[in-house]
1. Quick check on region 61-84. Is at least one of its residues within 16 Å of residue 124 (Cα to Cα), out of contact with any strand residue (DSSP E or B) (no Cβ under 8 Å at 6 or more places or on another chain), exposed (fewer than 11 other Cβ atoms within 10 Å of the Cβ) and among the aliphatic types (A, V, I, L, M)?
2. Which of (1) exposed (fewer than 13 other Cβ atoms within 10 Å of the Cβ); (2) out of contact with any Lys or Arg (no Cβ under 7 Å at 6 or more places or on another chain); (3) within 25 Å of residue 130 (Cα to Cα) is the odd one out, the single condition residue 41 does not satisfy?
3. Being on the phi < 0 side of the Ramachandran plot and crowded, with 18+ Cβ neighbours inside 10 Å is true for just one of 33, 92. Which residue is that?
4. With the requirement that a residue be out of contact with any helix residue (DSSP H, G or I) (no Cβ under 9 Å at 6 or more places or on another chain) and crowded, with 18+ Cβ neighbours inside 10 Å, what does region 100-114 give you?
5. Does region 62-80 contain at least one residue that is touching a residue at least 40 places away in the same chain (Cβ under 8 Å), under 21 Å from residue 13 (Cβ atoms), outside any strand (DSSP E or B) and of a type in the set (Ser, Thr, Tyr)?
6. Kindly indicate whether any position in region 32-44 is touching a Gly at 6+ places or on another chain (Cβ under 9 Å), touching a residue at least 60 places away in the same chain (Cβ under 8 Å) and among the charged types (D, E, K, R).
7. Restricting attention to region 102-119, does a residue exist that is at pLDDT 95 or above and β-branched (Val, Ile, Thr)?
Amino acid sequence: MFQAQDMAAKFFGAYEHSLDVKGRLTLPAKYRIQLGDKCFVTRSQYEDRCLVIWDRDDFYSFAKSWQAQDLSDSTLRWKMRIWASEAFDAEIDKSGRLALPQALRRFANLDKEVLVHGAIGTIELWNPENWSSPLMRSEL
């Protein structure tokens, strides 16, 4: 099974950004350095109501870890299918913008404001209301 420690620690800090009218997000420069010009965007692997940006190597490692699991479990198979079917192979343009697919924006309730959080091996994109929800904070 893929473990969080398998990912290099490279994304830290929190930023407030906005989506433009085309659904693009400008990523912080220090994150772009780590990602290069390509990445993957997915739903949260933890089933949180946020999006996750992966560098390509970590994405492929995580996807490979699904194959090592016991896929006779129908719930696990559905989780894998949903996660994989909505994974988006993305390019970061020369201005540092990343286009987020409408289906993924809808899932994470990203309309305008976006909290961009480093999550050590990945980057998470949160709706500010979801992030500050008492339900989210009570789990800490």
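The values are calculated or read from the model by the stated rules, or taken from the named source; none is laboratory data. Everything quoted here is computed from the prediction, not taken from an experiment. As a convention, Cβ positions derive from the backbone with ideal geometry for all residues, glycine included, and neighbour counts pool all protein chains shown.
1. No, every residue in region 61-84 fails to be within 16 Å of residue 124 (Cα to Cα), out of contact with any strand residue (DSSP E or B) (no Cβ under 8 Å at 6 or more places or on another chain), exposed (fewer than 11 other Cβ atoms within 10 Å of the Cβ) and among the aliphatic types (A, V, I, L, M).
2. Condition not satisfied by residue 41: (1).
3. Exactly one of 33, 92 is on the phi < 0 side of the Ramachandran plot and crowded, with 18+ Cβ neighbours inside 10 Å, namely 92.
4. 104, 105
5. No: zero hits.
6. Checked region 32-44: at least one residue is touching a Gly at 6+ places or on another chain (Cβ under 9 Å), touching a residue at least 60 places away in the same chain (Cβ under 8 Å) and among the charged types (D, E, K, R).
7. Yes.
Conditions tested, residue by residue: (1) closer than 19 Å to residue 128 by Cα; (2) at pLDDT 95 or above.
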position: 1; (1), (2): no, no
position: 17; (1), (2): yes, yes
position: 67; (1), (2): no, no
position: 73; (1), (2): no, no
position: 77; (1), (2): no, no
position: 91; (1), (2): no, yes
position: 96; (1), (2): no, yes
